[in-house]
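Student: What follows is a structure written as structure tokens; I'll ask about it next.
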Amino acid sequence: MNISSWVKSQTNRFLRWNIIILSFLVLGGAFQIANSKELLINEQIKVASMMVIGPNGEQMGQKGLQDALTMARYAGLDLVLMNDNGSMAVAKIMDYNKYRYEKQKKLKEAQKKQRETNKDLKEYRLSPTIDVHDFETRVRNAKDYLIKGHKIKAFIRFKGRQMARPELGKDVLIRFKDALSEVSEMESAPKMEGRQMFMLLAPKK
């Protein structure tokens with residue numbers, strides 16, 4: 001083996017070992033992060049002393065671990081380690097099962113709100129001269145989307161001389177709104193924006 005080949009093989013070996021070490025570090029860090037979300041309670045707590053917060057948020061001062069556990073047991077509650085990263089650990093006396101339930105409930109509510117925020121906005125283009133068949137087709141489609149929880153944007157883009165009679169377009173939008181009144185409510189009334197008039201409909205609550 002010549003020197004060039006030897007150097008190349010040693011370099012590749014060095015890179016492989018660095019990748020392996022880096023992988024262990026990354027995976028180990030990810031494991032710690034994943035498990036750091038679960039709070040330690042009662043006998044799981046190992047810190048010697050901590051600042052204790054009472055069930056109603058009152059400051060109970062610095063306590064040793066056994067004293068804090070005794071206080072929690074006397075109250076029929078749990079001692080929960082809230083933070084041990086600073087100069088002094090902080091623990092709270094609480095009903096941990098209730099705390100977890102309320103936390104999960106708030107998380108579900110936040111996720112529900114996020115889903116509502118992420119609902120699609122469906123757009124329907126109408127015209128001042130739309131025929132009955134096209135109008136009714138759009139109404140049926142829009143009704144299905146409103147029932148599924150989506151918002152509707154109905155708009156009219158005026159062409160040429162149509163700009164002189166914007167009220168004709170507004171009449172069509174209002175008819176569209178009335179046809180969907182059973183499943184929707186107006187979120188934004190018809191208004192002009194350049195050569196376009198639009199309105200927003202939201203699912204009826």
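Student: Percent relative contact order of region 60-205, based on C-alpha pairs within less than 8 angstrom and at least six residues apart?
Tutor: 18
Student: Now a separate question. Which distance in nm do the two modelled labels at MET82 and ARG165 give, with both placed 7 Å along the Cα-to-Cβ direction?
Tutor: According to this spin-label approximation, the distance is 6.9 nm.
Student: Which residues in region 148-174 have a backbone N closer than 15 Å to a point placed 7 Å from the Cα of MET192 along the Cα-to-Cβ line?
Tutor: 156-171
Student: Could I ask something else about it? How far apart, in nm, are the 7 Å Cα→Cβ label points at HIS133 and LYS205?
Tutor: Placing both labels 7 Å beyond Cα along the Cβ direction yields 4.0 nm.
Student: Holding the Cα-Cα limit at 18 Å, pick out from LYS143/LYS205; LYS108/LYS151; LYS103/LYS151; LYS108/LYS204 the pairs that are longer than that.
Tutor: On the way: LYS143/LYS205 14 Å; LYS108/LYS151 22 Å; LYS103/LYS151 30 Å; LYS108/LYS204 22 Å.
LYS108/LYS151; LYS103/LYS151; LYS108/LYS204, as the Cα separations exceed 18 Å there.
Student: On full extension of the chain, what length is gained from GLU102 through THR70, given 0.36 nm per residue of separation minus the C-alpha to C-alpha distance?
Tutor: Between GLU102 and THR70, full extension yields an extra 9.0 nm.
Student: Quick one: if the Förster radius is 35 Å, what FRET efficiency do GLN114 and GLU38 give, using the C-beta to C-beta distance and rounding to 0.05?
Tutor: With R0 = 35 Å, the Cβ-Cβ based efficiency is 0.90.
Student: Label region 125-187 by shape, choosing from rounded, prolate and oblate, from the square roots a ≥ b ≥ c of the eigenvalues of the Cα gyration tensor; if a/c is under 1.5 it is rounded, and otherwise prolate applies when a/b is larger than b/c, oblate when it is not.
Tutor: Verdict is prolate for region 125-187.
Read the figures in this text as sums done on the coordinates, not as results from a lab. As the structure is a prediction and not an experimental result, all values here were calculated from the model. Glycine also receives a Cβ, built like all others from the backbone with ideal geometry; neighbour counts cover every protein chain displayed.
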